[in-house]
1. Considering only residues of segment 123-163 that are over 19 Å from the mean Cα position of the chain (by Cα) and under 13 Å from residue 272 (Cβ atoms), which is surrounded by the most Cβ atoms within 10 Å (Cβ to Cβ)?
2. Tell me, which residue of segment 319-331 that is surrounded by 15 or more Cβ atoms within 10 Å (Cβ to Cβ) and over 19 Å from residue 91 (Cβ atoms) is modelled with the lowest pLDDT?
3. Any idea which of (1) at pLDDT 80 or above; (2) under 30 Å from residue 231 (Cα atoms) is the one residue 185 doesn't satisfy?
4. Among the residues of segment 370-379, is any surrounded by 15 or more Cβ atoms within 10 Å (Cβ to Cβ), assigned to a helix (DSSP H, G or I) and within 16 Å of the chain's Cα centre (by Cα)?
């Protein structure tokens, strides 16, 4: 609570007014500093995202050029497919662009001695890093929104175009380790033999009634289409009671499904982890886990949906002290070091995911290990440079 002026001794009054004036000047200067650094970061960030998207979209187009030529795909379909890929690619571009933007700005401010002037004015290095970390935090929020709200829908539309392009007359082009649904049936396909037009290790969940707690589960060694119907071979039929206990297990040589599936229906429901928000992916993990399917890879993908959006903040924490430290060694040495950081981070992500998929690391650790490692590295560098 602020005391009235009449209650102050003259000396205390001067000291208190001086302290308040100092705080006001610090806050005002900090606000100006934050706005200045934010403005400096925006342009290189936008350029970085645009450059990354151009490179990766060009690489994608190069990969599918053979399909485009041999199957006579229209330019409209190719353009739509690439446009729908942009949100998903943007999630990968944002961490890289954030890191490069911070590296460019810090490198310029260090070379032009602006940081020296700021620190001479009493601003500490951690305080100078705050705008960069806030910028990284905002990009983390943006990445998460894209990952949950935009990218799954856009990826699904893009994959639908690819599936229609790859459609063969003998059997619908169902991908390995994917699921799709039709009415009360959910299908999981482990392996596809394109040469024989045959599906292998198929699992079908049938919702028997609205009151049924657990679905009927049918597993089949092989499946293919005959005269518009799905034919399943070497089947096992499992039925469960309301407590999840197995009450019926029957071996059947052949099961025939007459599903009224149009091409639009089939491809509209087939989804992979990149085409689902985290809540939907979690439901699929629980469903398949109860059915005895190995869901380790799906769990890694699930936790990665939360770890990847945090990458801009983690890389921003690391980019600031490293860029400043190496900027003194040469004009663009700090930028070069941060570019190498991108490769190391992506390498860590790839290796960590592979170890998680192989069961060597837990899914949680596989998804979060790169962020934890580089986050601690950033804190250590910031502590040394303070």
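1. Of everything passing the filter in segment 123-163, 160 is surrounded by the most Cβ atoms within 10 Å (Cβ to Cβ).
2. Keep residues of segment 319-331 that are surrounded by 15 or more Cβ atoms within 10 Å (Cβ to Cβ), which gives 319-327.
Filter once more, keeping what is over 19 Å from residue 91 (Cβ atoms): 320-327.
Numbers: 320: 85, 321: 85, 322: 83, 323: 81, 324: 79, 325: 76, 326: 75, 327: 69.
This residue is 327.
3. For residue 185, the exception is condition (1).
4. Of all residues in segment 370-379, those surrounded by 15 or more Cβ atoms within 10 Å (Cβ to Cβ) come to 370-371, 373-375, 377-378.
If we keep only those that are assigned to a helix (DSSP H, G or I) too, we end up with 370-371, 373-375, 377-378.
Filter again for within 16 Å of the chain's Cα centre (by Cα), leaving 370-371.
Yes, there is a match, as at least one residue in segment 370-379 is surrounded by 15 or more Cβ atoms within 10 Å (Cβ to Cβ), assigned to a helix (DSSP H, G or I) and within 16 Å of the chain's Cα centre (by Cα).
Residues checked against (1) touching a helix residue (DSSP H, G or I) at 6+ places or on another chain (Cβ under 7 Å); (2) under 30 Å from residue 304 (Cα atoms); (3) surrounded by fewer than 20 Cβ atoms within 10 Å (Cβ to Cβ):
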site: 86; (1), (2), (3): yes, yes, yes
site: 101; (1), (2), (3): yes, yes, no
site: 106; (1), (2), (3): yes, yes, no
site: 111; (1), (2), (3): yes, no, yes
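The values are calculated or read from the model by the stated rules, or taken from the named source; none is laboratory data. No experiment lies behind these values; they were computed from the predicted model shown. All Cβ positions, glycine included, derive from the backbone under ideal geometry; neighbour counts span all protein chains shown.
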